[in-house]
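**Student:** One structure, pasted below without further comment.
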Amino acid sequence: MKILPAPSNTGIVFKRTDTREEVEIQALAKNVVDTRLNTTLGKNRIQVKTAEHLLAALAGLGIDNVAIHLNSSEVPIMDGSAASYIYLLTSAGIRRQSHLQRFIKILEPIEIRDEDRFAAIYPSDFPEITYEIDFEHPMLKKQRYYYRANEDTFVREIARARTFGFLKEVEHLQSMGFAKGGSLDNAIVIGDYRILNPEGLRYPDEFVRHKILDSIGDLSLVGCPFIGHFHAVKSGHALNARLVQHILESPQKWEYVTYMEEHHAMAPAKEEADLSANGFVQATA
């Protein structure tokens, strides 16, 4: 995978380099084709799987104009978090561009419910997330985390949180031909009574922090950062995608705004707010 600078108003665009047909897939809700286990984008039967961690890294750093060249159907998983992407992007450098960035400012509540699962976004003066999870497992019970979005807190509190799965589920998926590359190097694996990763957890509540990471990537598919309070209970990629679609279908409940304030993740930016990867970034897996 190569991440290249792009002009203002390009957005986040994926391009598969291993297919005969040259298809550009914008990171927008209209191109979401699958939300089982990950967020998959697609166009003309060409897909880009597991896009959410890279999208979260870009959103977390305020980068909204890049071209991503990929020679596979799946974005490299790296260590299961966004940390490697943060390192590569910041090492390459980030350039301010000439157009002010637009934001969606939430004016009225927008909610999605599915039995005991819930995803909503409410009016707020700044971007923030409250996330709650609840699994029936001794190693992973109720966790709740509040995140007020900015670049520093994203890098410090969210970016290093890894994806996770239960050992029984991983074994089942691999028996069906899925998750072939899954290992302790790119995910937290939870056994019946312990974490199987020798190094343990990076945060005591790493699980709910990773859910926030996923949601930042998923919500970026609305097409621009939001100013509002995202609140989720036991949500996932599918419910996040439904909320994004509901936001887009409810224009009377939000407005586009631009700001001239200090920039941070999913929040108003200072001076010229469109940001682009400045240098060449390459990741392999």
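**Student:** Quickly rank 3-9, 220-226 as a protection proxy: mean count of other C-beta atoms within 10 Å, highest first.
**Tutor:** Top of the packing list down: 220-226, 3-9.
**Student:** Once label points are set 7 Å from the Cα along Cα→Cβ at both Met139 and Arg20, what is their separation, rounded to one decimal in nm?
**Tutor:** 4.6
**Student:** Hull surface divided by four, with the convex hull built on the Cα atoms of the chain: how many nm²?
**Tutor:** Projected area, direction-averaged: 14.3 nm².
**Student:** I would also like to ask the following. Give me the dipole magnitude in Debye, nearest 20, for the chain about the Cα centre, with unit charges on the beta carbon: positive for Lys and Arg, negative for Asp and Glu.
**Tutor:** With Lys and Arg at +1 and Asp and Glu at -1, about 440 debye.
**Student:** Modelling each spin label as a point 7 Å along the Cα-to-Cβ direction, I'd like the Leu107/Arg36 distance in nm, to one decimal.
**Tutor:** 4.0
**Student:** Can you give the net charge of the other residues whose Cβ lies under 12 Å from the Cβ of Asp185, counting K and R as +1 and D and E as -1?
**Tutor:** -1
**Student:** Can you give the Rg/Rh ratio of the range 1-139, where Rg is from the C-alpha atoms and Rh is the Kirkwood radius?
**Tutor:** Taking Rh as the inverse mean 1/r over Cα pairs, Rg/Rh reads 0.99.
**Student:** Another question, if that's okay. Set the Förster radius R0 to 22 Å, insert the Cβ-Cβ distance between Ser98 and Thr153 as r into 1/(1 + (r/R0)^6), and round the FRET efficiency to 0.05.
**Tutor:** That pair, Ser98 with Thr153, gives E of 0.20.
**Student:** Write down the accessible area per residue of the chain in Å², having rolled a 1.4 Å probe over the full set of protein chains.
**Tutor:** 47
**Student:** A further question follows. What are the lysines whose alpha-carbon lies under 24 Å from the alpha-carbon of Lys43, with same-chain residues fewer than 8 places away excluded?
**Tutor:** Lys2, Lys15, Lys30
**Student:** Ok, one more. Work out from phi, with θ = phi - 60° and the Karplus expression 6.51 cos²θ - 1.76 cosθ + 1.60, the ³J(HN,Hα) of each residue of the range 93-102, listed in order in whole Hz, and give x for Gly and Pro.
**Tutor:** Values, residue by residue: x, 10, 10, 6, 10, 8, 9, 5, 7, 8 Hz.
**Student:** How high is the relative contact order of the range 61-161, in percent, with contacts defined as C-alpha pairs under 8 Å that are six or more residues apart?
**Tutor:** Value for the range 61-161: 25 percent.
**Student:** Taking all protein chains together and a probe of 1.4 Å, list Thr40, Thr10 from the most accessible to the least accessible.
**Tutor:** Thr10, Thr40
**Student:** Excluding residues fewer than 8 places away in the same chain, name every one of the lysines whose C-alpha is closer than 21 Å to that of Lys168.
**Tutor:** Answer for Lys168, where 21 Å is the Cα cut-off: Lys141, Lys142, Lys180, Lys211, Lys234, listed by chain and number.
**Student:** Here's a follow-up. Given a 1.4 angstrom probe, I'd like the percentage of the accessible area of the range 7-58 that is carbon and sulfur, rounded to a whole number.
**Tutor:** After summing per-atom areas, the C and S share lands at 41 percent.
**Student:** Once all Cα-Cα distances of the range 43-114 are split into 10 Å bins that start at 0, what whole-number percent is in each one?
**Tutor:** Reading the bins upward from 0: 14, 38, 31, 16, 1.
**Student:** Can you give me the distance in nm between label points at Tyr256 and Thr90, each placed 7 Å from the Cα along the Cα-to-Cβ direction?
**Tutor:** 3.2
The values are calculated or read from the model by the stated rules, or taken from the named source; none is laboratory data. Treat the numbers as computed from the prediction; the structure is a model and nothing was measured. Neighbour counts are summed over all protein chains in view; Cβ atoms, including those assigned to glycine, are modelled from backbone coordinates with ideal geometry. Accessible surface areas use protein heavy atoms only, side chains included; no ligands, DNA or RNA. Shrake-Rupley method; radii C 1.70, N 1.55, O 1.52, S 1.80 Å.
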